[in-house]
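Worksheet for the structure shown next.
The values are calculated or read from the model by the stated rules, or taken from the named source; none is laboratory data. Bear in mind the structure is a predicted one, so any value in this text is a computation, not a measurement. We place every Cβ from the backbone using ideal geometry, glycine too, and count neighbours over all the protein chains shown. What goes into the accessible areas is simple: the full protein's heavy atoms, side chains included, and nothing from ligands, DNA or RNA. Shrake-Rupley method; radii C 1.70, N 1.55, O 1.52, S 1.80 Å.
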Amino acid sequence: MMDSPFDPTLLKHTSLVVTTFQTIGTLLIALLLRLLTWGIPGRFLHYWARGWVGLAVGLISLNLSVLIVPLLPPQFEPQIRRPALAAYAMFEYAFGFFLWAGCRAYAWGTPLSGRDWWLFVPAAAFGVIAPAFLTDINVLFPFHAAVLGGFCLLALLATTGCRPDARQTVIGLRLTQMAMAGLALLFWHYALVMGWSLTQTPRPNLEYLQFSALYDALIETLLGFGMVVLGTDSVRRELEAKNRELAETNCRLAQASEQLAIAARTDPLTGLLNRRALDAMLADRAGVPFAGTLAVVDLNDLKKLNDVHGHSAGDAAIQLVARALRVQFRITDPVFRIGGDEFLVILEGGHTSDLIGRLHSLDVALRGLRLPGVPTPVDVVVSWGMADFASPSQLIEAFAAADVEMYACKARRKATKVG
């Protein structure tokens, strides 16, 4: 990344070839990071991609000056070399600035703000102005390397508080940190050694600096690899988060669907099964051996209770009957509210003899109850009818027979005032 006066012709060509491949690799890394930004909502990859583009443009500017300047008449050389050096310096500072911005965004989620650009503006101003006075790149480069090394150190410091958990994240972060530390040391080494060589007469022949482009390319490749690892790991974590969110959403939808299904088959006032649940049970049992007994239970004088004491008293009476039915029957015996004041109980495998005692106990449980708006305890009176069935096809007939018996019971109780 520097044009050294110590290069012999062959080494100059070698350095140019290495810098060209370095530029191509830089563009590929920028492209890959840019592609990764499509899958990640964070800003750090956007900053890093911009930084690598800036580095590629800076290297292209340097390479063009090396290729074009020797072909021009001497009087035109400053007109090409100075803008090329200015572009080289300014775009490399852009690389350092966006490197720092990306590392900070990755570690802390902090986006760039207006005041952050004051970190870049002085460096960019130096990169634009300095080549007008320091036309020799060997004089300019120590200052340039010091500034670029400072950006790399800031980027490294921005990641020191990051404590990743995943192994892949740790590997990518450590590679990136190693590369940034290597670049900071390498550029400050350039600044110190080349600055020192400028004070010596004659200037020492620092032959190892002929391969500086190779050193830069190796460490920058490590940096790019570490960033790509971090980028792909971020994509993985983003996908895992989306999958977890999708699984949670599916679970909530399944629960909501189940709750809706339960609500659709549940009477909202009593919590008992409703007529829709009865129809579903009959459909499920069609063609399946199914025998037992059933009871139709009806709340007497509900309309009168509503008219005299209000619907709150009537609703409370319905709820008390429902609660008493649940107490008298097993949890496996379905209890339905099939009308405003009518209930149905089915005992699979039972007989009417199993119902009589429970229904009499129901009478006892409904005596002396308190209802809203009623000043004294009242007896909630119910009537019932029972019938056996030997198959699902007989259940409707059994229901009709029990319904007839229930009305007969109601008539008897009203006639004799039995509570």
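Couple of notes before you dig in:
- In nm, spacing of pseudo-spin labels at VAL170 and VAL404 (7 Å Cα→C-beta vector): 8.2 nm
- Averaged per residue, the chain has 50 square angstrom of accessible surface, using a 1.4 angstrom probe with ligands and nucleic acids left out.
- For ALA146 and THR232, the FRET efficiency from 1/(1 + (r/R0)^6), where r spans their Cβ atoms and R0 equals 41 Å, is about 0.75.
- If R0 is 60 Å, the Cβ-Cβ spacing of SER353 and CYS251 corresponds to a FRET efficiency of close to 0.80.
- For the stretch 62-147, the relative contact order works out to 35 percent when only alpha carbon pairs closer than 8 Å and six or more residues apart are counted.
- For the stretch 271-373, the relative contact order works out to 40 percent when only alpha carbon pairs closer than 8 Å and six or more residues apart are counted.
- Cβ-derived FRET efficiency at R0 25 Å, ASP301 paired with ARG275, nearest 0.05: 0.65
- Prolate/oblate/rounded call for the stretch 126-169, Cα gyration tensor, a/c under 1.5 rounded: prolate
- Global form of the stretch 246-306, assessed from the alpha-carbon gyration tensor, a/c cut-off 1.5: oblate
- Here the simple spin-label model places points 7 Å from the Cα toward Cβ, and for GLU397 and GLN319 these points are separated by 4.1 nm.
- Highest GNM mean-square fluctuation among GLU348, GLU207, GLU92, for the chain modelled with Cα contacts below 10 Å: GLU348.
- Computed over the chain, relative contact order equals 13 percent, with contacts defined as Cα pairs under 8 Å that lie 6+ residues apart.
- The length gained on full extension between TYR208 and LEU35, counted as 0.36 nm times the residue separation minus their Cα-Cα distance, comes to 58.6 nm.
- Scalar couplings 3J(HN,Hα) for the stretch 103-115, obtained by applying the Karplus form with A = 6.51, B = -1.76, C = 1.60 to θ = phi - 60°, are 5, 5, 5, 5, 6, 10, x, 8, x, 5, 10, x, 6 Hz; x denotes Gly and Pro.
- Surface share of carbon and sulfur [accessible, 1.4 angstrom probe, percent] for the chain: 65 percent
- Secondary structure note: in the chain, about 95% of the DSSP beta bridges are antiparallel.
- Three-way shape call for the stretch 103-179 based on the alpha-carbon gyration tensor, with the a/c threshold at 1.5: oblate
- Scattering curve values for the chain, log₁₀ I(q)/I(0), Debye with Cα scatterers, q = 0.09 Å⁻¹: -0.65
- Note on ARG412 and ARG244: the extension gain reaches 54.1 nm, defined as 0.36 nm multiplied by sequence separation minus the Cα-Cα distance.
- Gain in span if fully extended, THR20 to ALA132, counting 0.36 nm per residue against the direct Cα distance: 37.8 nm
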